[in-house]
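Here the structure comes first, spelled out in structure tokens, and everything after it is commentary.
The values are calculated or read from the model by the stated rules, or taken from the named source; none is laboratory data. The shown structure was predicted, so the numbers you read here are calculated from the model rather than taken from an experiment. Positions of Cβ are generated from backbone atoms using ideal geometry, with glycine treated the same way; all protein chains shown enter the neighbour counts. Accessible surface is based on the protein model in full, side chains and every heavy atom, while ligands, DNA and RNA are left aside. Shrake-Rupley method; radii C 1.70, N 1.55, O 1.52, S 1.80 Å.
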Amino acid sequence: MSKLAEFARIIDEAARTATAVPQLTDTQPDITVSDAYEIQSLSLAHRQERGEVQIGVKMGLTSRAKMLQVGVSEVIWGRLTNTMRLTEGHDLIRSHYVHPRVEPEIAYIIRKPLSGIVSAAEALAAVEAVAPAMEIIDSRYRNFKFTLPDVIADNSSSSSFFVGAWHKPETDVSNLGILLEVNGRPAQIGSSAAILGNPIRSLVAAARAVGDIGESLEPGYIVLAGGATAAHPLTPGEYIQTSFQHLGSVSFTVAN
Ligand code: OOG
Ligand code: MG
């Protein structure tokens with residue numbers, strides 16, 4: 001087995017069993033960003049062997065608040081599968097994760113293929129609808145600590161997400177107030193403008209990122225634009241609700 005395939009197996013197993021592992025760069029400091037995307041793709045293949053289907057892409061570290069929280073300041077991306085999507089009304093089961101955190105996001109759903117270098121107008125023309133969302137990120141590395149190649153190899157900490165009500169693609173989401181409450185108390189407050197100045201730029205970046213490796217954002221794909229605030233660590237018993245100006249809210253409860 002090649003080293004990259006071995007790393008993909010380790011990461012996939014860590015995610016599947018919700019068990020923290022050491023950073024891959026501890027033993028292999030020379031993993032490059034492109035090796036890391038290869039590990040990510042090989043580990044997605046293990047999920048696909050178990051019947052999971054890719055349904056989208058998540059962008060990461062598209063806001064300063066997020067970059068500062070994890071100490072990595074490059075935009076990254078990962079893959080979303082059908083089993084990662086959770087339905088509002090269902091509890092989030094804490095024991096299915098290593099150390100989950102939640103963050104407010106904006107979600108796009110794509111209506112025509114998008115790939116490569118595109119303008120914001122072209123990206124918007126490929127959007128079917130836009131929605132408020134929350135992502136649950138869960139690093140498979142101990143203490144949620146990683147370098148850039150580590151986090152990319154770990155599917156950019158993708159683990160689950162909730163999407164709220166879809167709105168028309170022309171809905172202006174460039175600068176909307178966002179409030180994340182935990183048990184009714186404000187925990188994070190921000191604006192969608194924190195996402196690269198306008199979340200549509202995150203979709204432009206997503207098209208470019210997948211285009212770079214010969215892939216495309218496909219019709220029906222969901223694209224998460226990236227956290228607008230720092231992420232909140234989840235504890236059983238918490239009721240999490242994020243309200244988005246003009247878009248409504250998304251909520252869930254954390255169970256054991
Ligand atoms: C990396 C994933 C970042 C976002 O929205 O910025 C991310 C992490 O914070 O673990 O999902
Ligand atoms: Mg995120």
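Each helix, a run of at least 4 DSSP H residues, gives -39500 (n - 2.57); summed and divided by the residues of the chain, these come to -7500 deg cm²/dmol at 222 nm. Modelled label-to-label distance, residue 45 and residue 87, 7 Å Cα→beta-carbon offset: nm? Reported label-point gap for residue 45 and residue 87 is 3.3 nm. Between the stretch 45-124 and the stretch 154-221, the alpha-carbon centres lie 8 Å apart. Ranking 45, 104, 178 by Cα position along the charge dipole of the chain, where only Lys, Arg, Asp and Glu carry charges on their C-beta atoms, puts 178 farthest toward the positive end. If I ignore ligands, DNA and RNA and count only protein heavy atoms, how much of residue 208 is accessible to a 1.4 Å probe, in Å² to the nearest 10? Accessible surface of residue 208 is approximately 130 Å². Surface listing: 27, 81 arranged by accessible area from highest to lowest gives 27, 81, probe 1.4 Å. Once you order the gyration tensor axes a ≥ b ≥ c over the Cα atoms, which shape class does the stretch 1-124 get: rounded for a/c under 1.5, otherwise prolate or oblate by comparing a/b with b/c? In terms of gyration-tensor shape, rounded. Structure remark: mean-square fluctuation, Gaussian network model of the chain, C-alpha springs under 10 Å; the largest value among 201, 50, 111 belongs to 50. The residue list 115, 137, 10 was ranked by how far each Cα lies along the charge dipole of the chain toward its positive end, using unit charges on Cβ atoms, and 137 comes out on top.
Farthest toward the positive end of the dipole of the stretch 3-255, out of 32, 194, 146, is the Cα of 194, where the dipole comes from beta carbon charges about the Cα centre. DSSP bridge analysis restricted to the chain gives an antiparallel fraction near 85%, rounded to the nearest 5. The charge dipole of the stretch 40-124, taken about the Cα centre with unit charges on the Cβ atoms of Lys, Arg (+1) and Asp, Glu (-1), comes to about 40 debye, rounded to the nearest 20.
Net charge dipole, the chain: roughly 280 debye, given to the nearest 20, about the Cα centre with Cβ charges of +1 for Lys and Arg and -1 for Asp and Glu. Among the protein heavy atoms, those of residue 195 account for about 0 Å² of accessible surface (1.4 Å probe, every chain in place).
Of the GluC sites (Glu not before Pro) found in the stretch 34-109, those in coil by DSSP whose Cβ has at most 11 other Cβ atoms within 10 Å are 74.
For the stretch 54-61, putting each phi into the Karplus relation 6.51 cos²θ - 1.76 cosθ + 1.60 with θ = phi - 60° gives couplings of 6, 10, x, 9, 10, 9, x, 6 Hz, in residue order, rounded to whole numbers and with x for Gly and Pro.
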